[in-house]
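Asker: Take this structure, written in structure tokens, and hold onto it; I'll ask about it next.
The values are calculated or read from the model by the stated rules, or taken from the named source; none is laboratory data. Computed from a predicted structure; not experimentally measured. Quick reminder, even Gly has a Cβ in these numbers, built from the backbone with ideal geometry, and neighbours come from all protein chains shown.
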Amino acid sequence: MGIDTGSRTSKGVITRDGELLTYHILTSGTNYRQTAEKLYEEILVKAVLTSGDIAYTVATGHTGSVPYSNEDVTDIRCCARGIRQLLPTVKTVIDIQSQTSQVIRLGEKGEISNFVVSEKCAGGSGRFLEVVANILRLNIEDIGSISMKSTKAVVFSTSCAVFGESEAISRVAEGMAVEDILAGVHRAIADKISALVNRVSLVEPCAVCGGAALNAGLVKTISELLGIHLLIPPLPNFVTARGAAAIAEDKLKT
């Protein structure tokens with residue numbers, strides 16, 4: 001089992017011989033430990049298994065909240081391992097999380113050769129999208145497709161999520177089109193991501209994962225800015241949890 005307790009959502013997967021048996025996701029809320037325990041109970045029910053059927057569990061993210069794990073592993077290592085399993089040729093990984101984003105360079109055998117993590121400001125992460133979606137009263141799942149209707153993206157003068165919120169409110173008051181505001185937000189985030197990518201020196205193929213990888217508008221913007229085709233693994237928001245489960249299986253083989 002692999003458990004990824006994130007700031008916004010907590011994900012769990014169960015695998016057998018490298019194959020995905022089931023997966024589950026919950027909103028993390030404010031009590032990570034309670035959510036982790038609920039996730040454990042619900043994913044076992046979903047898989048029609050008992051705790052005795054789980055040979056080894058690796059946790060990542062807010063690991064102190066997962067009392068049933070056998071081992072805690074960093075999210076960077078888990079993300080790299082997950083990508084290696086799902087897209088073994090990938091050399092650069094862009095992982096866009098709720099609070100931070102990170103770019104990981106992988107070696108020939110999938111080992112981590114370099115990585116960089118965004119600063120504490122959430123301007124280059126999924127949090128900026130959540131803030132703007134709330135301002136525009138939109139479901140976050142819808143903003144990607146809406147943004148792709150833009151004909152003239154709004155230029156944001158800041159990439160900070162806090163100041164960006166004020167700027168987005170101003171743009172709404174000025175009567176700017178919703179799709180143009182969203183396209184501008186995507187560009188502001190893409191600029192941050194691009195700067196991170198440049199710091200590790202991009203090597204293709206490049207993949208994007210994390211919850212924001214489900215946002216087609218953001219992925220398109222990053223792809224255009226970098227001038228490359230971005231690969232998206234299946235269930236991109238579960239890549240880190242998949243990596244945790246893969247590491248758990250690796251433990252059983254040693």
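Asker: Can you tell me which residue among 181, 189, 222 is more than 15 Å from the chain's Cα centre (by Cα), buried (at least 24 other Cβ atoms within 10 Å of the Cβ) and hydrophobic (A, V, I, L, M, F, W, C)?
Answerer: On the way: 189 fails: more than 15 Å from the chain's Cα centre (by Cα); 222 fails: more than 15 Å from the chain's Cα centre (by Cα).
None of the other options fit; the residue is 181.
Asker: Here are 15, 22, 30, 9: which of them is among the β-branched types (Val, Ile, Thr), modelled with pLDDT under 95 and under 21 Å from residue 209 (Cβ atoms)? Talk me through it step by step, then tell me what you get.
Answerer: Details: 15 fails: modelled with pLDDT under 95; 22 fails: modelled with pLDDT under 95; 30 fails: under 21 Å from residue 209 (Cβ atoms).
Just one listed residue meets the conditions, 9.
Asker: Here is a further query. Filter segment 7-62 for residues that are in a loop (DSSP other than H, G, I, E, B) and under 30 Å from residue 128 (Cβ atoms) and give the result.
Answerer: Residues satisfying the conditions are 7, 8, 28, 29, 30, 31, 62.
Okay, residues lined up against (1) of a type outside the set (D, E, K, R); (2) within 30 Å of residue 16 (Cα to Cα); (3) buried (at least 17 other Cβ atoms within 10 Å of the Cβ); (4) within 11 Å of the chain's Cα centre (by Cα):
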{"position": "196", "(1), (2), (3), (4)": "yes, no, yes, no"}
{"position": "201", "(1), (2), (3), (4)": "yes, no, no, no"}
{"position": "212", "(1), (2), (3), (4)": "yes, yes, yes, yes"}
{"position": "244", "(1), (2), (3), (4)": "yes, yes, yes, no"}
{"position": "249", "(1), (2), (3), (4)": "no, yes, yes, no"}
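Asker: Here's another thing I want to ask about it. Applying the selection to segment 1-33, what residues are surrounded by 22 or more Cβ atoms within 10 Å (Cβ to Cβ), over 13 Å from residue 78 (Cβ atoms) and among the polar types (S, T, N, Q)?
Answerer: 10, 28
Asker: Which residues, taken from segment 85-101, are at pLDDT 90 or above and more than 9 Å from the chain's Cα centre (by Cα)?
Answerer: The answer is 85, 86, 87, 88, 89, 90, 91, 92, 93.
Asker: Exactly one condition in (1) in contact with a helix residue (DSSP H, G or I) (Cβ under 9 Å, 6 or more places away or on another chain); (2) assigned by TED's automatic domain parsing to the domain that holds residue 197; (3) under 30 Å from residue 246 (Cβ atoms) is not met by residue 148; state its number.
Answerer: Condition (3) is where residue 148 drops out.
Residue by residue, here is whether (1) touching a Lys or Arg at 6+ places or on another chain (Cβ under 8 Å); (2) of a type outside the set (Val, Ile, Thr); (3) closer than 23 Å to residue 214 by Cβ; (4) surrounded by fewer than 21 Cβ atoms within 10 Å (Cβ to Cβ) holds:
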site: 61; (1), (2), (3), (4): no, yes, yes, no
site: 80; (1), (2), (3), (4): no, yes, yes, no
site: 84; (1), (2), (3), (4): no, yes, yes, yes
site: 89; (1), (2), (3), (4): no, no, yes, yes
site: 95; (1), (2), (3), (4): no, yes, yes, no
site: 113; (1), (2), (3), (4): yes, yes, no, yes
site: 135; (1), (2), (3), (4): no, no, yes, yes
site: 138; (1), (2), (3), (4): no, yes, yes, yes
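Asker: Quick one: which of 39, 49, 20, 86 is touching a Ser or Thr at 6+ places or on another chain (Cβ under 6 Å) and of a type in the set (A, V, I, L, M, F, W, C)? Lay out the reasoning, then the answer.
Answerer: Values: 49 fails: touching a Ser or Thr at 6+ places or on another chain (Cβ under 6 Å); 20 fails: touching a Ser or Thr at 6+ places or on another chain (Cβ under 6 Å); 86 fails: touching a Ser or Thr at 6+ places or on another chain (Cβ under 6 Å).
Only one candidate qualifies: 39.
Asker: Going by the structure shown, is residue 179 free of Cβ contacts under 8 Å to residues at least 60 places away in the same chain, farther than 14 Å from residue 101 by Cβ and not in a strand (DSSP E or B)?
Answerer: Yes.
Asker: While we're looking at this one, here's another question. Collect the residues in segment 155-180 that are modelled with pLDDT under 90 and among the β-branched types (Val, Ile, Thr), keeping them in residue-number order.
Answerer: Correct list: 155, 158, 162, 169, 172.
Asker: Hey, another quick one. Take segment 192-216 and flag every residue that is in contact with a Leu (Cβ under 7 Å, 6 or more places away or on another chain) and either in a helix (DSSP H, G or I) or hydroxyl-bearing (Ser, Thr, Tyr) (or both).
Answerer: Selection gives 194, 197, 212.
Asker: I need a count of the residues in segment 60-84 that are over 17 Å from the mean Cα position of the chain (by Cα) and of a type in the set (Ser, Thr, Tyr).
Answerer: 3
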